[in-house]
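Trainee: Here you go, one structure.
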Amino acid sequence: MSKSKGNVVSPDDMVARYGADATRMYALFAAPPDRDLDWQEDGVAGVSRFLARVWRLVMKYAPVAAAPPQSSSKTLSGGAPLLRKLHQTIAKITLDFEGRWHFNTCVAAIMELVNDIQAADAQLAAGEVPAPVVRELLRTLVLLLAPFAPYLAAELWQELGEPGAVLRAPWPEFDPQLA
């Protein structure tokens, strides 16, 4: 993009059309911070669709996550693959934050996590994944999303019934045995 060539894209237009979170997340996802960004409206639209998927996913399972724990013979093994993916994602993002600052790989890791959660939709809907696992998945997904899409994360945090502000919540820690 160049001002002299007249091909500058105003982020204000993208914010008005797709929202601040989608525009911000696209800018962080499209290129590492040390490279130029090739701005594409289709990319912002794709991130907007992704954030809508996250919204629908969390809203669909928020009642399960908010349900009081019940004594059950079910173990957490029903959600073991999802927990493993969750802790791998936490580890990836945490390590990227500590040194590389390549947010594009962090956003990609969140997208992979959401894809895995959605792939387990049948098990989630059937109640095969215990409520504490669903709660951990959704709560942590929102925490991981907060640096990239803070407005959406704040709304989802409230919908999950979590206390306080999402941006003041402690960063999730990964279990090395699961990661």
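The values are calculated or read from the model by the stated rules, or taken from the named source; none is laboratory data. In this text the structure is predicted, and so the values were computed from the model without any measurement. Virtual Cβ from ideal backbone geometry, glycine too; neighbours counted across all protein chains shown. Just the protein is used for accessible areas: all its heavy atoms, side chains included, with ligands, DNA and RNA removed. Shrake-Rupley method; radii C 1.70, N 1.55, O 1.52, S 1.80 Å.
Trainee: Which residue out of 20, 66, 91, 109 is modelled with pLDDT under 90, surrounded by 14 or more Cβ atoms within 10 Å (Cβ to Cβ) and under 21 Å from residue 147 (Cβ atoms)? Before the answer, list the steps.
Mentor: Numbers: 66 fails: under 21 Å from residue 147 (Cβ atoms); 91 fails: modelled with pLDDT under 90; 109 fails: modelled with pLDDT under 90.
Testing whether each residue is modelled with pLDDT under 90, surrounded by 14 or more Cβ atoms within 10 Å (Cβ to Cβ) and under 21 Å from residue 147 (Cβ atoms) leaves just 20.
Trainee: What are the pairs, 6+ residues apart or on separate chains, where a residue within segment 126-144 that is among the charged types (D, E, K, R) has its Cβ under 8 Å from a residue that is open to solvent by 60 Å² or more (accessible area, probe 1.4 Å)?
Mentor: Taking only residues 6 or more apart or on different chains, the pairs are 135/66.
Trainee: Is segment 26-42 home to any residue that is open to solvent by 60 Å² or more (accessible area, probe 1.4 Å), basic (Lys, Arg) and modelled with pLDDT of 85 or more? Steps first, answer last, please.
Mentor: Pass one, segment 26-42, residues open to solvent by 60 Å² or more (accessible area, probe 1.4 Å): 29, 33-36, 38, 40-42.
When the remaining residues are screened for being basic (Lys, Arg), the result is 35.
Applying the additional criterion that residues be modelled with pLDDT of 85 or more yields none.
Among the residues of segment 26-42, not one is open to solvent by 60 Å² or more (accessible area, probe 1.4 Å), basic (Lys, Arg) and modelled with pLDDT of 85 or more, which makes the answer no.
Trainee: Could you list all residues from segment 156-179 that are touching a Phe, Trp or Tyr at 6+ places or on another chain (Cβ under 8 Å) and assigned to a helix (DSSP H, G or I)?
Mentor: Applying the first criterion (touching a Phe, Trp or Tyr at 6+ places or on another chain (Cβ under 8 Å)) to segment 156-179 yields 156, 165-166, 169.
Answer for segment 156-179, where residues must be touching a Phe, Trp or Tyr at 6+ places or on another chain (Cβ under 8 Å) and assigned to a helix (DSSP H, G or I): 156, 166.
Trainee: Which numbered condition in (1) modelled with pLDDT under 95; (2) open to solvent by 50 Å² or more (accessible area, probe 1.4 Å) is the only one that residue 119 fails?
Mentor: (1)
Trainee: Criterion first (touching a Gly at 6+ places or on another chain (Cβ under 9 Å), surrounded by 14 or more Cβ atoms within 10 Å (Cβ to Cβ) and at pLDDT 95 or above) does residue 51 satisfy it? Before you say what the answer is, go through the steps one by one.
Mentor: Numbers: touching a Gly at 6+ places or on another chain (Cβ under 9 Å): yes; surrounded by 14 or more Cβ atoms within 10 Å (Cβ to Cβ): yes; at pLDDT 95 or above: yes.
Taking the combined requirement at face value, the residue satisfies it.
Trainee: Considering (1) of a type outside the set (Gly, Ala, Ser); (2) buried (at least 20 other Cβ atoms within 10 Å of the Cβ); (3) in contact (Cβ under 8 Å) with a residue 60 or more places away in the chain; (4) in a helix (DSSP H, G or I), say which one residue 148 fails and leave the rest.
Mentor: Condition (4) is where residue 148 drops out.
Trainee: Which numbered condition in (1) modelled with pLDDT under 95; (2) closer than 15 Å to residue 63 by Cβ; (3) open to solvent by 70 Å² or more (accessible area, probe 1.4 Å) is the only one that residue 128 fails?
Mentor: Against the list (1) modelled with pLDDT under 95; (2) closer than 15 Å to residue 63 by Cβ; (3) open to solvent by 70 Å² or more (accessible area, probe 1.4 Å), residue 128 comes up short only on (2).
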